[in-house]
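The values are calculated or read from the model by the stated rules, or taken from the named source; none is laboratory data. For clarity, every value in this text was computed on a predicted model and none was experimentally measured. Cβ sites come from the backbone with ideal geometry, for glycine too, and all protein chains shown count toward neighbours. Please note that ligands, DNA and RNA were not included when accessible areas were found on the heavy atoms of the full protein model with its side chains. Shrake-Rupley method; radii C 1.70, N 1.55, O 1.52, S 1.80 Å.
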Amino acid sequence: MKVIHSVHPDDFKIYQTELIRERFLLENLVQPNRINCVYTHYDRVIAGVAHPVTQPLTLNTYDNLKAEYFLERREIGIINVAGDGEVTADGIVYKLNKLDCLYIGKGVKQVTFSAANVAEPPVFYLLSTPAHKNYPTSLMTINDAEKVNAGGDDTANKRTINKYIHKAGIASCQLVMGLTILHTGSVWNTMPPHVHDRRMEAYFYFDIPAGQKVFHLMGEETQSRHILIDNYNAVISPPWSMHSGAGTSNYSFIWGMGGENLDYTDMDAIKIENIR
Ligand SMILES: O=C[C@H](O)[C@@H](O)CC(=O)C(=O)O
Ligand SMILES: [Zn+2]
């Protein structure tokens, strides 16, 4: 499993395009009949994708974990961003259609992923954090996710934020997870931006139309940098970094966090006039 190490904000100031991409961007996660995971040293979050097409896939442990099975000391959030699929957790089958979320708690030994239809296979985005106790496995459909409508047409940031795993939603040890859908004609996510030193964050961009890109914004508020994002890229946001983005069209993304608390609204806002 690929390992991503932490970066100090002072060192980040001299990073050029290639090094920014190497340290923060997760590419080529979606491959047929494969589970691709990356181990980060940001709150020990593992991010990845399971893309079963013609065969079921099993979530095996990795040597990095020194654990008998993946969830021995971890919890995981799974969101499907493509065709209908199934996730099996210790023999119990959960159907995940597009934008449905499954939380699986610590101690579940066997997790498998499969497609409902070979012609339209699922893409399961995975985000896993260390866990100290078991919380029940829980499925939440997109309809049941808590919704916040944010932004406006006048500022090109009209979007619907869907919360699944958080303080008032699916219970977890430290994982917080949801997804944001930009409305047609809106391109800015998380603007005005924020930081939360108490939690790292990872974004997974999807439904970026062919030929379009997202400029993901990162860095300290007076040291902004950007990374060009393609569909199904994930990007790590360190605890010291703002995270925002503007697309050449609308798009969607999954956000997920691990760290100090489960309160979605615990953010330190940045004033647009202060960004440099
Ligand atoms: O800490 C929370 C995350 O940055 C995102 O949920 C923000 C977001 O989806 C948005 O405003 O569009
Ligand atoms: Zn955030």
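Taking amide H positions as modeled 1.01 Å from N, with prolines and chain starts lacking one, the residues under 5 Å from Leu26 and 5 or more places away or on another chain are Ala234, Val235, Ile236. Packing-based ranking of 5-11, 43-49 yields 43-49, 5-11, ordered from highest to lowest mean Cβ neighbour count within 10 Å.
With charges set only on the Cβ (+1 for Lys and Arg, -1 for Asp and Glu), what does the dipole of the chain come to about its Cα centre, in debye to the nearest 20? Write out the running numbers ahead of the final one.
Values: 25 positive and 30 negative charges, 54 e Å.
So the dipole magnitude of the chain works out to roughly 260 debye.
Surface composition of the chain: carbon and sulfur atoms hold 48% of the protein heavy-atom accessible area at a 1.4 Å probe. Quick one: which of Lys13/Lys213; Lys2/Lys133; Lys163/Lys271; Lys109/Lys167; Lys158/Lys271 span more than 22 angstrom between C-alpha atoms? From Lys13/Lys213; Lys2/Lys133; Lys163/Lys271; Lys109/Lys167; Lys158/Lys271, over 22 Å: Lys13/Lys213; Lys2/Lys133; Lys163/Lys271; Lys109/Lys167.
Name the trypsin sites (Lys or Arg not before Pro) in region 186-275 that are in a loop by DSSP and that have at most 11 other C-beta atoms within 10 Å, would you?
Here the sparse-neighbourhood loop sites are Lys271.
Once backbone amide H atoms are built at 1.01 Å from N, Asn97 has Gly85 as its partners under 5 Å, excluding neighbours fewer than 5 places away on the same chain. Using only side-chain charges placed at the Cβ, +1 for Lys and Arg and -1 for Asp and Glu, the dipole size of region 43-152 relative to its Cα centre rounds to 260 debye. For the chain, the solvent-accessible area of protein heavy atoms averages 43 Å² per residue (probe radius 1.4 Å; ligands and nucleic acids excluded).
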